[in-house]
Amino acid sequence: MSKYFGTDGFRGEANVDLTADHAVQIGRFLGHWYSEQKGSKAKVVIGKDTRLSSYMLEDALAAGITASGADAYLLHVTTTPSVSYVTRTEDFDCGIMISASHNPFYDNGIKLLNARGEKMEDEVIAACEQYLDGEIGPYPLARREKIGKTVDYYAGRNRYIGYLISLARNSYKGMRVGLDCANGSAWMIAKSVFDALGAITFPIHCAPDGTNINEDSGSTHIHQLQRHVLDNKLDVGFAFDGDADRCLAVDELGQVINGDQIVYIYARHMKDRGNLPDNTVVTTVMSNLGLYKALDEAGIGYKQTAVGDKYVSECMREHNHLLGGEQSGHIIFSKYATTGDGVLTAIKLMQAIIDRDMPLSKLAEPCRMYPQVLKNVRVQDKDAALGDPDVQAAVQAAEDKLGDTGRVLLRKSGTEPVLRVMAEALDHDACEEAVDSIIAAMKRNGHEA
């Protein structure tokens with residue numbers, strides 16, 4: 001496990017766990033590393049979400065990059081997938097997104113992307129951590145004409161918006177579409193795309209003030225969009241997270257359509273049109289049993305990875321799969337993007353709705369979710385709690401009781417000091433009982449923080 005970088009970047013409370021000093025040093029490392037690799041001045045593109053601290057970290061990263069002799073290109077407020085797109089299509093050496101995704105505003109994160117717009121390679125992350133700890137370096141500061149420059153690069157963001165619009169095969173004229181932008185990165189981009197495609201848009205949570213990102217809004221508080229869809233009699237609604245690499249949907253009846261159901265709907269859509277040549281989708285161990293049952297009935301195969309869109313992406317790339325995703329709404333369409341893209345996901349769902357001339361509720365109907373309970377337990381030591389024999393015995397006892405009618409999963413968060421306890425079963429009470437029995441074992445042995 002990396003010291004600073006988890007499965008989704010270097011994340012923590014701004015100016016506590018992740019400081020401006022960290023950002024300067026990361027910038028200096030990246031600028032020097034990539035300039036050395038290519039033998040000439042490196043180009044690094046930076047995007048950020050709407051948090052107060054994102055502006056501080058943007059300035060600090062740009063200072064470090066230019067001090068090393070590389071050039072920093074600023075997309076300003078934009079989405080993670082837009083940084084990925086610009087990095088891979090416009091000859092950048094690497095990309096940086098400043099965001100803590102769905103976390104509260106006082107947290108922030110630095111996500112690193114390679115030249116292909118994918119999560120940064122482990123060996124580069126390891127070298128960056130060594131630099132942060134003073135185990136390698138310090139790298140020299142550039143002087144005179146070798147100092148790098150900072151470039152405003154709004155044009156890159158605009159080209160990404162144009163790219164999304166170009167991917168839509170249908171007009172959305174007459175469609176009433178809700179957009180919950182979580183007061184985050186999607187607040188201008190999503191509306192611009194859907195307006196251009198002819199939809200009648202009903203946006204909410206599009207007034208970021210630096211502290212309201214994800215606050216009772218977006219994909220982690222989707223009840224707001226459910227009410228919005230019903231109150232305004234909308235055809236469909238889409239909810240994004242803070243950096244818009246996730247998308248969940250709400251159908252015309254106000255029902256939530258999660259990432260598992262989105263994967264099912266589009267896998268079925270692709271298969272029926274002969275566009276799923278490998279007949280396989282990629283899921284994670286957190287995917288619902290209901291998804292697997294629906295895929296089996298549709299004759300579609302699946303693979304499982306560890307939780308994290310990084311692992312989904314790696315599996316898709318290794319085996320040339322076209323579709324994969326997580327229940328949380330990270331959906332990857334590898335023909336069009338190398339990372340999860342919330343607005344792209346919304347476009348693809350719109351395509352399925354219009355092509356099949358069916359409401360979203362009907363498209364999702366065959367994929368019935370098993371009741372699921374997921375609880376997060378803040379612990380003092382994730383490894384100690386996970387490896388405790390009494391905790392493992394509680395997991396085994398819960399699994400034995402559920403038998404073939406459900407399952408239990410206990411795993412570490414990649415970004416927080418918590419263990420996630422999940423159970424699926426035929427009824428909600430059985431899920432609660434299983435999860436609570438495991439949490440009780442943790443508490444008895446003093447693991448709870």
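Grab the DSSP H runs of the chain that are 4 residues or longer, score each as -39,500 (n - 2.57), total them, divide by all residues and round the 222 nm result to the nearest 500 deg cm²/dmol. Dividing the helical sum by the residues of the chain leaves -12500 deg cm²/dmol. Overall, segment 372-444 carries a charge dipole of about 360 debye about its Cα centre when +1 sits on the Cβ of Lys and Arg and -1 on the Cβ of Asp and Glu, all other atoms neutral. Antiparallel beta bridges, as assigned by DSSP with both residues in the chain, represent about 55 percent of the total such bridges. Within the straight-line cut-off of under 22 Å between alpha carbons, the lysines reachable from residue 348 are 173, 191, 233, 271, 303, 310, 335, 362, sequence neighbours fewer than 8 places apart in one chain being disregarded.
Each residue of segment 287-304 was assigned a 3J(HN,Hα) from its phi angle through the Karplus expression (A = 6.51, B = -1.76, C = 1.60, θ = phi - 60°), giving 5, 6, 4, x, 5, 5, 5, 5, 5, 4, 5, 8, x, 10, x, 8, 10, 10 Hz with x at Gly and Pro.
With neighbour counts taken as other beta-carbon atoms within 10 Å, the residues 217, 54, 2, 334 rank, fewest first, as 2, 334, 217, 54. Structural descriptor for the chain: relative contact order 12 percent, calculated from alpha carbon pairs under 8 angstrom and at least 6 residues apart. Residue exposure proxy: 66, 284, ordered by other Cβ atoms within 10 angstrom of their Cβ from fewest to most, comes out as 66, 284.
Of the beta bridges in segment 200-324, as assigned by DSSP with both residues counted there, near 50 percent are antiparallel. Taking a straight line from the alpha carbon of residue 149, these lysines sit under 23 Å away, with near neighbours fewer than eight places off in the same chain left out: 38, 41, 43, 48, 111. Less than 5 angstrom separates the built amide H of residue 281 from those of 301, 302, 303, all sequence-distant by 5 or more or on a different chain.
Quick note: the coordinates plus some simple rules give every number you see, no bench work behind them. Everything numeric here is computed off the predicted structure, so don't read it as measured data. When we count neighbours, we look across all protein chains shown, and the Cβ atoms used for this are built from the backbone with ideal geometry, even at glycine.
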